[in-house]
Structure formats: C-alpha cells, structure tokens
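Take a look at the structure set out below.
Just so you know, all these numbers are worked out from the coordinates, no wet-lab data involved. Small disclaimer: the values here were computed from a predicted structure and weren't measured. Methodologically, a virtual Cβ is constructed for each residue, glycine included, from the backbone with ideal geometry; neighbour enumeration extends over all protein chains shown.
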Amino acid sequence: MRRVLRTTLALLAVVLVAAVPAGAKRIVVDATLAPGKLKIAAAPTAVSAGAQRAISVRVADARGTGRGWTLRLVRASGLTVTSVTARCAAGSTCTLPRAVGAMKSTTVLQAARGTGMGVVDLVVTVRATARAAVSFTIS
C-alpha cells in the first residue's frame with residue numbers, strides 16, 4: 001500500500017513540475033469584431049382620417065460606428081408625427097437616440113452621432129388628415 005502511495009505521489013509531483021512552465025506561458029488571442037447592420041422592424045399600419053395611432057418601431061444599430069441614423073416616413077402626405085418615445089429593448093444595452101436637426105415632413109427622428117446604438121424600441125404616434133398607410137425607412 002505504501003509503495004502505491006509513494007508511486008502516486010511521485011507521479012503527481014512530476015506532473016505538477018511539468019505543468020508549471022506551461023502555465024507561465026503567455027497566450028495571445030486575436031479577435032476580430034464584424035460590424036452588424038442598421039435594421040428597422042415595423043409593421044405597415046393604416047390610419048383612418050382624423051385618427052391618431054401609436055406605432056411600435058424597433059431600430060437595431062449594430063454597426064458599431066456611432067454615426068447615428070435617420071428614421072423617415074415612406075409617405076408623409078396627410079400624416080403628422082405628434083410624438084416619439086424611446087427605450088432600450090429588453091435584454092439590450094443601448095444608447096437612447098438624442099434627436100438633432102429640424103424635423104422635416106418625412107423625418108420622424110434623427111439620432112445624433114454617438115446615440116441610438118444597440119436595439120431601441122420606439123413608439124411613434126401619428127395623426128392622419130386623410131386615410132393613410134404608414135411605413136418607415138431608416139438610413
């Protein structure tokens with residue numbers, strides 16, 4: 001029994017001595033981050049004449065550039081944007097968009113440089129003077 005114990009301890013000592021130099025080596029890992037895309041998700045919505053409608057819009061900016069973005073109505077005829085609210089999507093780390101620039105007829109929100117990154121959930125409220133189909137584009 002003692003002989004087995006001595007042999008086991010000797011083997012363990014050899015393994016530990018051999019492992020020390022391996023643990024002391026420097027390990028270099030090269031990692032490349034691939035930029036993502038700028039995406040929008042919003043279902044086309046119809047708004048009746050004289051009605052106001054809140055529309056959910058999800059913007060995902062995974063480009064990693066911090067350039068900002070501009071959300072626009074595809075057709076703004078007869079539509080007025082009355083409000084826009086923003087929050088980070090569940091499970092996302094984001095920077096909320098900070099609006100810049102003057103609102104134009106088709107511009108819903110222009111996110112300033114360094115904002116609007118990650119996944120942002122917007123609620124865009126529009127009012128229609130005539131029946132209108134609402135859809136968005138982003139750039």
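Summarising the amide proton neighbourhood of ALA51: residues at separation of 5 or more, or on other chains, whose placed amide H is nearer than 5 Å comprise ALA128.
Taking 7 Å steps out from each Cα toward its Cβ at LYS39 and LYS104 produces label points 2.7 nm apart. Mean sequence separation of contacting Cα pairs (under 8 Å, at least six apart), scaled by the length of the stretch 38-138, corresponds to a relative contact order of 46 percent.
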